[in-house]
Amino acid sequence: MNGHYSRLMIASIAVALTHTAFAEDKPEVLGGTIGGSVKFATDYVFRGESETVSGEIPAVQASLTWTHSSGAYVGYFGSTNKFEGSPDISAVVGPYVGKYGDIGDSGVAYNVMAFAYQYPGASRYNYSELYMYVSKQFGPVNLKLEVTPTLDDWFGVNGWKGVNYAIHPKVALPHDFSVDGSFGYQELTGDGAEGWRHWNVGVTKKLWGLDFDLRYHDTDIDRGHKVYGSPSGRKIFKERVVFAVSKSF
């Protein structure tokens with residue numbers, strides 16, 4: 001088994017085991033608390049793109065976050081990852097730092113996070129993004145807007161810059177069900193670059209302390225796309241249904 005993949009699996013198991021210790025009361029560290037999540041899925045989809053070449057490897061993810069009472073937080077994320085034609089990639093990891101809170105008494109919440117995507121053994125793909133969200137609750141409906149620009153070259157491609165614009169609606173339903181989706185446009189500029197539209201919709205059910213999620217993903221990528229119009233590109237962007245189970249603590 002690949003070393004990077006093995007380490008990520010061990011980290012995922014370790015995070016899962018820490019739930020037992022943290023379940024009753026999150027520990028306080030330096031004025032903040034520690035939490036996290038683990039997730040197992042049939043695929044890892046990022047803005048319509050399969051990050052595991054359509055499930056050729058298991059999709060395993062874990063994160064650990066320290067959160068201060070002020071809303072500031074810092075954490076670390078890891079996931080299995082595979083790019084077709086790049087055998088040196090088996091995982092993506094990344095530190096992140098952010099701040100969340102409310103905008104006065106408007107009922108509008110914000111969350112700003114800088115995230116560094118890092119590919120062990122293939123650092124040429126490393127890059128960073130600044131996630132910016134605002135959201136508001138309307139009864140059972142939550143509406144979240146996203147603007148996420150790149151902070152350096154997209155996936156390390158010289159001169160390529162991007163901004164992801166998206167809307168994320170979510171509706172809470174009885175019996176711990178919810179329906180949510182994402183509708184966005186990944187703008188991409190630079191020599192030979194071209195953006196695309198992406199969307200997903202799914203249903204989530206809380207059961208036995210776990211979150212079960214069944215979701216449909218799709219994009220408008222076709223054979224005429226400058227970047228992903230090849231058969232392999234269309235393969236990782238084709239429509240797909242993904243099942244996932246996750247646990248947060």
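The values are calculated or read from the model by the stated rules, or taken from the named source; none is laboratory data. Remember, predicted model here, so these are calculated numbers, not experimental data. Ideal geometry is used to build each Cβ from the backbone, glycine not excepted, and the neighbour counts take in all protein chains shown. What goes into the accessible areas is simple: the full protein's heavy atoms, side chains included, and nothing from ligands, DNA or RNA. Shrake-Rupley method; radii C 1.70, N 1.55, O 1.52, S 1.80 Å.
Annotations
- Boolean, Ala193 is open to solvent by less than 30 Å² (accessible area, probe 1.4 Å), in contact (Cβ under 8 Å) with a residue 40 or more places away in the chain and of a type in the set (Gly, Ala, Ser): no
- Considering only residues in region 207-220 that are open to solvent by 30 Å² or more (accessible area, probe 1.4 Å) and either β-branched (Val, Ile, Thr) or out of contact with any strand residue (DSSP E or B) (no Cβ under 8 Å at 6 or more places or on another chain) (or both), the one that is nearest to Arg47 (Cα to Cα) turns out to be Leu207.
- The residue of region 52-61 that is modelled with the lowest pLDDT, among those that are surrounded by 20 or more Cβ atoms within 10 Å (Cβ to Cβ) and more than 20 Å from Ala114 (Cβ to Cβ), is Thr52.
- Identity of the residue in region 63-90, at pLDDT below 90 and part of a strand (DSSP E or B), that ends up surrounded by the fewest Cβ atoms within 10 Å (Cβ to Cβ): Ser86
- Exactly one residue among Gly55, Gly78, Gly121, Gly85 is within 30 Å of Lys235 (Cα to Cα) and free of Cβ contacts under 8 Å to residues at least 24 places away in the same chain, and that residue is Gly55.
- Residue count for region 169-188 satisfying the condition of being assigned to a strand (DSSP E or B) and open to solvent by 90 Å² or more (accessible area, probe 1.4 Å): 2.
- Against the conditions (1) surrounded by 15 or more Cβ atoms within 10 Å (Cβ to Cβ); (2) closer than 24 Å to Ile103 by Cα, Gly162 satisfies every one except (2).
- One residue from Phe138, Phe183 being in contact with a strand residue (DSSP E or B) (Cβ under 6 Å, 6 or more places away or on another chain), of a type in the set (Phe, Trp, Tyr) and at pLDDT 95 or above: Phe183
- Subset of region 42-51 (residues that are part of a strand (DSSP E or B) and open to solvent by less than 20 Å² (accessible area, probe 1.4 Å)): Glu49, Ser50
- Residue within region 221-239 that is assigned to a strand (DSSP E or B) and either touching a Leu at 6+ places or on another chain (Cβ under 8 Å) or open to solvent by less than 40 Å² (accessible area, probe 1.4 Å) (or both) present: no
- Residue match in region 144-160 (condition: touching a residue at least 40 places away in the same chain (Cβ under 8 Å) and assigned to a loop (DSSP other than H, G, I, E, B)): no
- Conditions (1) open to solvent by 40 Å² or more (accessible area, probe 1.4 Å); (2) on the phi < 0 side of the Ramachandran plot; (3) at pLDDT 95 or above; number of the one not met by Thr150: (1)
- Breaking point among (1) within 22 Å of Pro169 (Cα to Cα); (2) free of Cβ contacts under 8 Å to residues at least 24 places away in the same chain, for Pro140: (2)
- Residue in region 116-143 that is surrounded by the most Cβ atoms within 10 Å (Cβ to Cβ), counting only those that are among the aliphatic types (A, V, I, L, M) and more than 27 Å from Pro95 (Cβ to Cβ): Leu143
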